[in-house]
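The values are calculated or read from the model by the stated rules, or taken from the named source; none is laboratory data. Keep in mind that what you see is a predicted model, and the values were worked out from it rather than measured. Positions of Cβ are generated from backbone atoms using ideal geometry, with glycine treated the same way; all protein chains shown enter the neighbour counts.
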Amino acid sequence: TITLPINDIMHKAEKITDGEFGQAIEVRSDDELGRLAKTFNFMSSRLKSMLTEITSEKKKLETILNYMNDGIIAYNRNGEVIHINPAAKRLLYNKLSDIVSFDEFMSTLGIELSIEQVTNDRNNCEPSQKVQYRDRFFKVQLAVFTDENEQVDGIITVIQDITEEQKLEKMRREFVANVSHELRTPLTSVKSYTETLLDGALSDMQTAEQFLHVINEETDRMTRLVKDLLTLSQHDGGIKLNLEDTSIGDLVAACVNRMRREAEAKKQSLKLKIRPNIPIISVDRYRIDQLIVNIIGNAIKYTPEKGEIWVHVYCERDMVIINVSDNGIGIPESDLNRIFERFFRVDKARSRQMGGTGLGLSIAKEIAVMHGGDITVKSKLGKGTSVFIKLPVQNRQKKAL
């Protein structure tokens, strides 16, 4: 009868409605009912294929969103959250209360924008804005999505963490400002004394000699600064160490002997103690020499006349330790965590007076780290400083930062 195939079609259609896709009807004839059955089967097969494709694309999109480093939050036209990826939760410290609605989230970020403003005029979504959220900096981008009538159906919020970029930009500005200042100060002195000499001070030999001595000192200071800057530039570029087996005890002894004259000029005692059985280690002799001389030189500079400096070489676990201690002026505890920053000085006026560029400890730290080692400092204000240079027995060279 005619009702049997029609009932079959209705039954299969109900199954499709319930989500059981891929239903097929047996084609028993070539008449209108047969053609209807064929059309139904084609439609069912096509529908299943399209849904499979949509499901696959949805899974791909979810995977992409879940593994993106940028945070993604989607809101519907009412400003309610309809999707948030793991990166957004992480960047916002899982404070989901801050993103309950679009309006509340914009308010939390300090952006004056509401869902109503966006739905009324999609141009209110500016290309991007930089904002601060707690201790992080974000670049926030907004984009609307529309329905079939081209009406705003919701908003996608993209959150990019630019905290490190902001820190680097701040460091760059400070670096340029510091270099400019460090060069401007001696250049001003050189220009001033040169003009005075040209204006007639050359006729007074004693004054001329004094001025030329200052010009020479300031020129040396600029030379040291340029040399240190070139060294840092090499480190930033990722230099390759020229490693060779080295007796670290002999290398330290040679450095101490070179620095004795400088210590004796201040009537200081410079003592060296090397424990027996220090292993041969693989280092870049030139750079470790530079590091040791730098640290001993600092001890001499910041230790008063008739002070004492001790250099001790020993092994501790898998590290060779070079300890340089003094009974000098010391470093305030509040400054200890910053002394390896470029251009940082505990006392700027004192450091400049003693010829420091503010880059020596930064260079020393980078050399140690490139060798797989480290430098640590202990100090008490007014009592002295102890620097520990740690170098691995088995070298693990690291790329320069």
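Only one entry of LEU65, LEU61 meets the criterion of being surrounded by 14 or more Cβ atoms within 10 Å (Cβ to Cβ) and in a helix (DSSP H, G or I), and that entry is LEU65. Report yes if some residue within segment 222-229 is closer than 25 Å to SER362 by Cα, over 39 Å from the mean Cα position of the chain (by Cα) and in a helix (DSSP H, G or I); otherwise report no. No, segment 222-229 has no match at all. Looking at this structure, is SER114 modelled with pLDDT of 90 or more, assigned by TED's automatic domain parsing to the domain that holds ASN78 and of a type in the set (S, T, N, Q)? Yes; evaluated as a whole, the condition is true for this residue.
For SER45, the conditions (1) of a type in the set (Ser, Thr, Tyr); (2) exposed (fewer than 12 other Cβ atoms within 10 Å of the Cβ); (3) not assigned by TED's automatic domain parsing to the domain that holds PHE138 all hold with the exception of (2). Of the residues contained in segment 330-346, one or more are found to be charged (D, E, K, R), closer than 21 Å to ILE239 by Cβ and at pLDDT below 90. Restricting the first member to segment 219-247 and to residues that are on the phi > 0 side of the Ramachandran plot, and the second to residues that are at pLDDT below 80 and surrounded by 11 or more Cβ atoms within 10 Å (Cβ to Cβ), the beta-carbon pairs closer than 8 Å and six or more apart or on different chains are GLY238/ALA400. Just give me the residues in segment 235-253 being surrounded by 14 or more Cβ atoms within 10 Å (Cβ to Cβ) and part of a helix (DSSP H, G or I), in sequence order. Answer for segment 235-253, where residues must be surrounded by 14 or more Cβ atoms within 10 Å (Cβ to Cβ) and part of a helix (DSSP H, G or I): HIS235, ILE248, GLY249, LEU251, VAL252, ALA253. Taking the conditions (1) β-branched (Val, Ile, Thr); (2) within 30 Å of THR157 (Cα to Cα); (3) free of Cβ contacts under 8 Å to residues at least 12 places away in the same chain; (4) out of contact with any Phe, Trp or Tyr (no Cβ under 9 Å at 6 or more places or on another chain) in turn, THR52 satisfies each one other than (4). Answer yes or no: is there a residue in segment 91-108 that is loosely packed, with under 12 Cβ neighbours inside 10 Å, at positive phi and either within 23 Å of the chain's Cα centre (by Cα) or not assigned by TED's automatic domain parsing to the domain that holds LEU230 (or both). Yes: one or more hits.
Condition check ((1) more than 30 Å from GLY71 (Cβ to Cβ); (2) under 21 Å from the mean Cα position of the chain (by Cα); (3) surrounded by 14 or more Cβ atoms within 10 Å (Cβ to Cβ)) across all residues:
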residue: VAL118; (1), (2), (3): no, no, yes
residue: PRO127; (1), (2), (3): no, no, no
residue: ASN149; (1), (2), (3): no, no, no
residue: LYS167; (1), (2), (3): no, yes, no
residue: SER189; (1), (2), (3): yes, no, yes
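Those residues that are closer than 12 Å to PHE388 by Cα and either surrounded by fewer than 17 Cβ atoms within 10 Å (Cβ to Cβ) or among the hydroxyl-bearing types (Ser, Thr, Tyr) (or both), I need them from segment 324-340; list them, please. Correct list: SER325 only. For segment 69-85, the set of residues classified as surrounded by 14 or more Cβ atoms within 10 Å (Cβ to Cβ) and without any contact (Cβ under 8 Å) to a residue 24 or more places away in the chain consists of VAL81, HIS83, ILE84, ASN85, listed by residue number.
Exactly one residue out of ASN85, ASN41, ASN69 is in contact with a Leu (Cβ under 7 Å, 6 or more places away or on another chain) and at negative phi, and it is ASN85. Go through the residues of segment 45-56 one by one and say whether even a single one is of a type in the set (A, V, I, L, M) and part of a loop (DSSP other than H, G, I, E, B). Within segment 45-56, none of the residues are of a type in the set (A, V, I, L, M) and part of a loop (DSSP other than H, G, I, E, B).
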